[in-house]
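The structure appears below as structure tokens.
The values are calculated or read from the model by the stated rules, or taken from the named source; none is laboratory data. Since this is a predicted model, take the numbers as computed values, not measurements. Note: areas computed on protein heavy atoms with side chains; ligands, DNA, RNA excluded. Shrake-Rupley method; radii C 1.70, N 1.55, O 1.52, S 1.80 Å.
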Amino acid sequence: MSEMSVVWRMINLDEIDPRKARSGLFALLTARIEDAHELAVHGQRSEIDQSEAMKMLDDLVDQTNQIEILLMAIGTIRE
């Protein structure tokens, strides 16, 4: 049995406060948006080369995917 499954068995989902969970997810969302913002600002520099621009684009796609996941998670929380 993996360590992760042991942890999940110890969590009682009835004891999770939806407001705290939502607040935490919004904090994570804020961090991802700030990371994406930093990449977008960096991408505006005229001296970056094509390979650096492509790396930043990949990083931005990753950030937006993470943002989408957090948005979906926040949307599923019910009080």
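General remarks:
- Probe 1.4 Å - accessible area at R19, Å² to nearest ten: 150
- When the residues E47, E68 are ordered by accessible surface, computed with a 1.4 Å probe over the protein chains alone, the sequence from largest down reads E47, E68.
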